[in-house]
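Student: One structure coming up, written as structure tokens, with questions to follow.
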């Protein structure tokens, strides 16, 4: 999957004030690299990820997926890209509290209308991959914070995405668990050749990233 943004800009109006959350960002993702984006709170990291992940629309500028201008796509076609080609990991996990770990991982596959037997087999495989084979039937409230994040990563992998977009995936975790999650994402990137884009404050993610960007006041800068 190739992603390219041109002059990507997102503005918000708060009362009489205009906030430029993302300011003329030009970014290309052509290879399965591990990419980190760092910046202070309010710098535009999450907004940029939402735009790249087609969860939000720019005020102006473009997001291209394989040279296709996504602004010209219908809502259903954008959803299909998100469902089949992208995986998302959030700081707050976004697990459904009424579903157990297996069912949470199965959800994207159910939306993709995969066979129920296939869903269950893949969910079991993924939860084993993230070392949660003893937590299949536990609901989120019965899991530790680190275990919930592992379920979220397994869910992000459910439809074999070409890119994973992760927003502060270690932000709520203790130091030991955060390192385990970083190692897991790094392994996914290297072994499965899945591109990873992470917005983070975590210096340990910065240290393993192939490409590092910083963002401040919505402006993106390549660091290495």
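Throughout, read-outs are computed from the coordinates displayed, never taken from laboratory work. Quick caveat, the model's predicted, so the values are computed rather than measured. Note: ideal-geometry Cβ built from the backbone for every residue, glycine included; neighbour counts use all protein chains shown.
Student: Of the listed peptides 29-40, 60-71, what is their order by residue-averaged count of other C-beta atoms within 10 Å, with the highest listed first?
Tutor: Numbers: 29-40: 18.2, 60-71: 14.9.
The most tightly packed comes first, giving 29-40, 60-71.
Student: Roughly how many Å is it from the Cα centre of region 1-62 to that of region 137-162, as a whole number?
Tutor: 26
Student: Spin-label point model (7 Å from Cα, Cβ direction): what's the residue 175 to residue 217 distance in nm?
Tutor: Output for this residue pair reads 3.5 nm.
Student: So what is the 222 nm mean residue ellipticity for the chain from helices alone, if each DSSP H run of at least 4 adds -39500 (n - 2.57) and you divide by all residues, rounding to the nearest 500 deg cm²/dmol?
Tutor: On the way: 7 runs with 80 residues, N = 224.
Calculated at 222 nm, the ellipticity per residue is -11000 deg cm²/dmol.
Student: Counting only the backbone N, which residues of region 26-49 are under 13 Å from the spot 7 Å out from the Cα of residue 191 toward its beta-carbon?
Tutor: none
Student: So, one more: If I fit a long axis through the Cα atoms of helix 145-156 and take the longest principal axis of the Cα atoms of the chain, what angle between them do I get, 0 to 90°, rounded to 10?
Tutor: Result, in degrees: 80.
Student: Of all beta bridges DSSP finds with both residues in the chain, what is the antiparallel percent, to the nearest 5?
Tutor: Bridges in the chain that DSSP calls antiparallel: roughly 55 percent.
Student: By how many degrees, between 0 and 90 and to the nearest 10, does the Cα long axis of helix 116-129 differ from the longest principal axis of the chain?
Tutor: It works out to around 80 degrees.
Student: Given labels modelled 7 Å from the Cα in the Cβ direction, how far is it in nm from residue 57 to residue 204?
Tutor: Each label point is offset 7 Å from its Cα along the Cβ direction, giving 4.1 nm.
Student: Residue 12 label point, 7 Å along Cα→Cβ, cut-off 18 Å on backbone N: hits in region 149-171?
Tutor: Within reach of a label on residue 12: 167-168.
Student: Let me ask something additional. Please report, in whole Å, how far the alpha carbons of region 38-135 spread along each principal axis, starting with the longest.
Tutor: For region 38-135, the Cα spread along each principal axis is 46, 33, 23 Å.
Student: For the chain, report the % of Cα-Cα distances exceeding 21 Å. Present the calculation step by step, with values, prior to reporting the outcome.
Tutor: Details: 13705 of 24976 pairs.
When all Cα pairs of the chain are counted, 55 percent exceed 21 Å.
Student: May I ask for the angle, rounded to the nearest 10°, between helix 101-111 and the longest principal axis of the chain, with both axes built from Cα atoms and the value confined to 0 to 90°?
Tutor: It is inclined by approximately 60 degrees.
Student: Got a sec? How would 13, 138 order by Cβ neighbour count within 10 Å, fewest to most? Intermediate values should be presented prior to the final figure.
Tutor: Details: 13 8, 138 17.
Going from least to most buried by this count: 13, 138.
Student: May I ask you to list the residues of region 68-107 whose amide nitrogen lies under 18 Å from a point 7 Å from Cα along the Cα→beta-carbon direction of residue 160?
Tutor: So the set is 80-88, 106-107.
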